[in-house]
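To keep things clear, I will list the structure first and then write my remarks on it.
The values are calculated or read from the model by the stated rules, or taken from the named source; none is laboratory data. Everything quoted here is computed from the prediction, not taken from an experiment. Glycine gets a Cβ as well: all are built from the backbone with ideal geometry, and neighbour counts include every protein chain shown. Keep in mind that these areas ignore ligands, DNA and RNA; they rest on the heavy atoms of the full protein, side chains included. Shrake-Rupley method; radii C 1.70, N 1.55, O 1.52, S 1.80 Å.
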Amino acid sequence: MSASAVFVLDLKGKVLICRNYKGDVDMSEIDHFFTLLMQQEEEGLVCPVMSHGNVHFLWIKHSNLYLVATTNKNSNASLVYAFLYKLVEVFTEYFKELEEESIQDNFVVVYELLDELMDFGFPQTTDSKILQEYITQKGNKLEVAKTKVPTTVTNAVSWRSEGIKYKKNEVFIDVIESINVLVNANGSVMSSDIVGSIKLKTMLSGMPELRLGLNDRMLFALTGRKNQTILHCLSDELMKRISPTNVKPLIWIESVIEKFSHSRVEIMYMKTDLIQSLSFSLFQAKGQFKKQSVANNVEIRVPVPSDADSPKFKTSTGHAKYVPEKNLVVWSIKSFPGGKEFLMRAHFGLPSVENHELEGRPPITVKFEIPYFTVSGIQVRYMKIIEKSGYQALPWVRYITQSGDYQLRTNS
């Protein structure tokens, strides 16, 4: 990032407070900022970055304040702006309202925060929860905690307290993959991707370091690396990724509409093949059907015409329910084994088939969850826990594949 100094100015360009971090830019350069700003406002072309000679001003406006960072380097502008907005966030959490008066009334606290938030032009502690442990405020006075060493010195984190102990040390790991699929009316997959995440629930004493070893088939296909090791320090979500890939729909829906007259329509929906083969553009495993896998709590939402009435259903498994306020038939199947086919027949009376044609055909949507299964084939190979006391912990791993944005369009 490499910001030389940070200034807080009022609306007239007067410096309320500043902090010089590097000393490589003359502090009097800030006098040119407001002049440049006024010139640009008169021309109607206000730029977030302004320059005077070889000095650059990166600035934001909040309430009746300007927050300005100066630099004479080719700094990463996005990081500088992220820091300025983080300043606003931290000051607001301390003073509730960030404006000229709150800066003037809390000058000592503001300067102390500026000193802790950045060191030699680089962001340091920007988490307000950590800052509030040793920079506290009562009224307009600064109180520095003396009972313990600041957490920034010990590399502590705001989301985990010190001295945590459990009688039984355990780690619960959920490897979750959500499948997004869009199938057009011709049965072709228009788009598909896997949104994968690894989530943890930790019951571990102290502040251990976790090392997870993953076999990631997609990573191997792209980079040639068979295994991946990830270091982790006990937050709730370890990683998340989106992998665009050619995923066959795990649950396929076919529909046939038979029109007997201008006032009656018969719709037959056939649910087929819980497909267990994977087909990636780079790694393929065709024809591998895992019939032992079971989809749980399957819910198929079939749109029906808004003027449908007198619904009747017949299903080979599960049960169907008409939801008139949403113009849907919801077909629920508690347990759906792989490789199985089930049928639902629905009868509706329609005042006008022509109205049905004009309404269009919303897609069928499907919800499901398949435990002990991942589409990508990712697996947790090992988990190591490194903690100074050397205790042993039990790891529990669960794999889940579930529907995300799962839509199938039909011609019928």
List the residue pairs whose Cβ atoms are under 6 Å apart, where the first residue sits in the range 109-120 and is under 9 Å from TYR21 (Cβ atoms), the second is buried (at least 18 other Cβ atoms within 10 Å of the Cβ) and among the hydroxyl-bearing types (Ser, Thr, Tyr), and the two are 6 or more positions apart or on different chains. MET118/TYR21; PHE120/TYR21
Given the criterion under 14 Å from VAL8 (Cα atoms) and in a loop (DSSP other than H, G, I, E, B), identify the matching residue among LEU98, LEU84. LEU98
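Any idea which of ASP193, ASP174 is open to solvent by 20 Å² or more (accessible area, probe 1.4 Å) and within 14 Å of ASN246 (Cα to Cα)?
ASP193
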Please go through the range 78-100 and give me each residue that is surrounded by 15 or more Cβ atoms within 10 Å (Cβ to Cβ) and touching a helix residue (DSSP H, G or I) at 6+ places or on another chain (Cβ under 8 Å), ordered by number. PHE83, LYS86, LEU87, VAL90, PHE91, TYR94, PHE95, LEU98
Got a number for residues in the range 186-211 being modelled with pLDDT of 85 or more, closer than 13 Å to TYR166 by Cα and among the aliphatic types (A, V, I, L, M)? 2
Residues in the range 314-335 that are open to solvent by 70 Å² or more (accessible area, probe 1.4 Å) and in a strand (DSSP E or B): how many? 4
Please give the strands (runs of 3 or more DSSP E) falling wholly within the range 1-72 in which 3 or more residues are surrounded by fewer than 18 Cβ atoms within 10 Å (Cβ to Cβ). 15-20, 49-52, 55-62
Close pairs (9 angstrom Cβ cut-off, 6 or more residues apart or separate chains): under 15 Å from HIS56 (Cα atoms) in the range 11-29, at pLDDT below 90 and open to solvent by 50 Å² or more (accessible area, probe 1.4 Å) anywhere: LYS22/PHE120; ASP24/LYS73
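Going through ASN72, ASN76, ASN64, ASN106 one at a time, which residue ends up being touching a residue at least 24 places away in the same chain (Cβ under 8 Å), of a type outside the set (D, E, K, R) and closer than 22 Å to LEU131 by Cβ?
ASN106
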In the range 297-311, residues that are under 30 Å from THR374 (Cα atoms) and open to solvent by less than 50 Å² (accessible area, probe 1.4 Å) total 5
Could you say which residue among SER128, SER75 is among the polar types (S, T, N, Q), within 20 Å of SER4 (Cβ to Cβ) and open to solvent by less than 40 Å² (accessible area, probe 1.4 Å)? SER75
